[in-house]
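The values are calculated or read from the model by the stated rules, or taken from the named source; none is laboratory data. What you are looking at is a predicted structure, and each value in this text was computed from that prediction instead of being measured. Counting neighbours? That spans all protein chains shown, and the Cβs are built from the backbone with ideal geometry, glycine included. Note: accessible area is taken over every heavy atom of the protein model, side chains too, but ligands, DNA and RNA are not part of it. Shrake-Rupley method; radii C 1.70, N 1.55, O 1.52, S 1.80 Å.
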Amino acid sequence: MRLPIPKGLERRLRPYVERGERFLREWEWTWSRAVAVALFVSFVALTTLAVVPSWLLYFAEEQLGWTNRNRLLASLRDLIANGWIGVWTGIFIITFYKLQVIRRRLRGERQSERYSGGYR
């Protein structure tokens, strides 16, 4: 399902979309690029999946007073933290999967041609 985009906005975004598609089509993984991307993704994932929920739990308990004495607020605090982690985990998985699907489409590879590794 594609969302309707106004014609004026589509015209303005077209050069950026073409630049992004060209980048995805021509990108090749080298060891140095893979390590740099892995470090960056690890930093972002660690920040969003560990640091932010930890800060949220601290803030809710110390500043807002959502302690274990009030079970409803403590449950809400935990639900928010778990929801944050679950949503961002899904965002990471779906984003990188969709990037690979778009990259394969731009390179003209069929979906049935899956990489299996080893000899064929």
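With axes computed from alpha carbons, what is the tilt in degrees of helix 52-62 against the longest principal axis of the chain, rounded to the nearest 10 within 0 to 90? The two axes meet at around 10 degrees.
When the accessible area of the chain is split by element with a 1.4 Å probe, what percent falls to carbon and sulfur? Write down the numbers at each step before the final one.
Numbers: 6670 of 10410 Å².
Taking all protein chains in place, the chain shows 64 percent carbon and sulfur surface.
To test your reading of the geometry: what angle, between 0 and 90 degrees and rounded to tens, separates the Cα axis of helix 71-106 from the longest principal axis of the chain? So the helix axis and the longest Cα principal axis differ by about 0 degrees.
Judged by the gyration tensor of its Cα atoms, with axes a ≥ b ≥ c, the range 1-54 is oblate; a/c meets the 1.5 cut and b/c is at least as large as a/b. If the only charges are +1 at each Lys and Arg Cβ and -1 at each Asp and Glu Cβ, what is the size of the charge dipole of the chain around the Cα centre, to the nearest 20 debye? Using Cβ point charges on Lys, Arg, Asp and Glu, the chain gives about 740 debye.
Take the chain with all the other protein chains still there, run a 1.4 Å probe, and you get 87 Å² of accessible area per residue. In terms of the Cα gyration tensor, with a ≥ b ≥ c the square roots of its eigenvalues, is the range 1-91 rounded because a/c is under 1.5, prolate because a/b exceeds b/c, or oblate? Oblate, because a/c is 1.5 or more while a/b does not exceed b/c. Highest mobility in the GNM of the chain, judged by mean-square fluctuation with C-alpha springs under 10 Å and restricted to Ser32, Ser42, Ser54, is found for Ser32. Choose one of Thr47, Leu24, Gly90: the residue whose Cα lies farthest towards the positive end of the charge dipole of the range 9-109 (beta-carbon charges +1 Lys, Arg; -1 Asp, Glu; about the Cα centre). Of Thr47, Leu24, Gly90, it is Leu24.
Here the 3J(HN,Hα) profile of the range 5-21, calculated from phi with Karplus coefficients 6.51, -1.76 and 1.60 at θ = phi - 60°, is 10, x, 4, x, 5, 5, 5, 6, 7, 3, x, 5, 5, 5, 5, x, 5 Hz, Gly and Pro shown as x.
Could you sort 78-90, 18-30 so that the peptide with the highest average Cβ count within 10 Å comes first and the rest follow in order?
Going by the mean number of other Cβ atoms within 10 Å, highest first, we get 78-90, 18-30.
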